[in-house]
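All of the numbers you see were taken from the coordinates with simple rules; none came from a lab. Note that the structure is predicted; figures quoted are calculated from it, not measured. Here the Cβ positions follow ideal geometry from the backbone for every residue, glycine too, while neighbour counts run over all protein chains shown.
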Amino acid sequence: MIALASDHAGLPLKKEIIELLESMNLEYKDYGTYTGESCDYAIFGQKAANAVASCECERGILCCGTGIGISLAANKTKGIRCVVCSDCFSAKMSREHNNANMLALGARVVGGELARMIVEIWLTTEFAGGRHQRRVDQIMAIEAGEDLAAK
Ligand code: RB5
């Protein structure tokens with residue numbers, strides 16, 4: 001199950017992503033917003049992030065104008081590694097090396113076709129593990145309050 005969320009600016013792109021997920025036969029849950037009325041991205045980013053952090057959804061895809069605000073909001077939830085991507089290489093690496101569990105896209109940054117490619121790559125690339133697991137563990141240790149810099 002993929003968690004989706006957007007603000008008003010990201011809504012048109014989220015609709016394109018919904019079409020893509022349906023064509024890939026992937027299940028999703030849309031945590032809003034559902035209308036073009038101006039709203040605050042942090043609320044919707046947190047709703048989708050909670051769904052991923054609680055394992056109700058395996059991954060999440062977020063859209064706002066730039067992808068930045070909603071990703072910053074999502075990353076405040078424990079367990080979330082949300083990346084903003086505007087290119088296919090970063091999307092692939094964010095899975096292979098960083099085990100990103102949420103992807104954020106900027107509707108005012110990427111066109112629909114590029115966004116579809118990014119999403120497809122991001123959803124189908126597996127985490128490589130190995131030395132990357134250690135590094136991801138370090139990121140999560142920082143989140144848990146460890147002071148890696150003091151070691
Ligand atoms: C809304 O105008 C815009 O600020 C928002 O969608 C996002 O780009 C913020 O990071």
Alpha-carbon spread of the chain, three principal axes, descending order, Å: 48, 28, 27
Between Leu105 and residues 5 or more places away or on another chain, which pairs have amide H atoms under 5 Å apart, with H built 1.01 Å from N, and which residues are they? Leu62, Cys63, Cys64
Once you have a ≥ b ≥ c as the square roots of the Cα gyration tensor eigenvalues for region 46-133, tell me rounded if a/c is under 1.5, and otherwise prolate or oblate according to whether a/b is larger than b/c. oblate
Using only the alpha-carbon atoms, how far is helix 41-53 inclined from the longest principal axis of the chain? Give it as 0 to 90 degrees, nearest 10. 60
Under a cut-off of 20 Å between alpha-carbon atoms, report the aspartates and glutamates in cross-link reach of Lys14, not counting same-chain residues fewer than 8 places apart. Glu22, Glu27, Asp30, Glu37, Asp40, Glu56, Glu58, Asp87, Glu113, Glu120
For Lys151 paired with Thr125, estimate the spin-label separation in nm (one decimal), with each label point 7 Å from Cα along the Cα-to-Cβ line. 2.6
Once both label points are put 7 Å beyond Cα along the C-beta direction, the Glu19-Ser38 separation in nm becomes 2.8
Checking rank on 88-94, 70-76, with mean other Cβ inside 10 Å and highest first, the result is 70-76, 88-94
Of the listed pairs Lys47/Lys78; Lys78/Lys151; Lys15/Lys78, those with alpha carbons more than 19 Å apart are Lys78/Lys151; Lys15/Lys78
Sorted by Cβ neighbour density within 10 Å, fewest at the top, the residues Leu26, Leu148, Leu62, Leu11: Leu148, Leu26, Leu11, Leu62
For helix 11-23, what angle does its Cα long axis make with the longest principal axis of the chain, in degrees from 0 to 90 and rounded to 10? 80
Diffing region 27-33: the Karplus 3J(HN,Hα) column from phi (6.51, -1.76, 1.60, θ = phi - 60°), in whole Hz with x for Gly and Pro, holds 7, 9, 10, 9, 8, x, 6
Please identify the longest segment of the chain free of exposed GluC sites (Glu not before Pro), where exposed means a DSSP state other than H, G, I, E or B and no more than 16 other Cβ atoms within 10 Å. 59-125
Taking 0.36 nm per residue of separation and subtracting the Cα-Cα distance, what length does fully extending Ile139 through Lys76 add? 21.4 nm
Can you give me the relative contact order of the chain as a percent, contacts being Cα pairs under 8 Å and 6 or more apart? 23
Please work out how much length the chain gains when fully extended from Met117 to Lys29, using 0.36 nm per residue of separation minus the C-alpha to C-alpha distance, in nm with one decimal. 29.6 nm
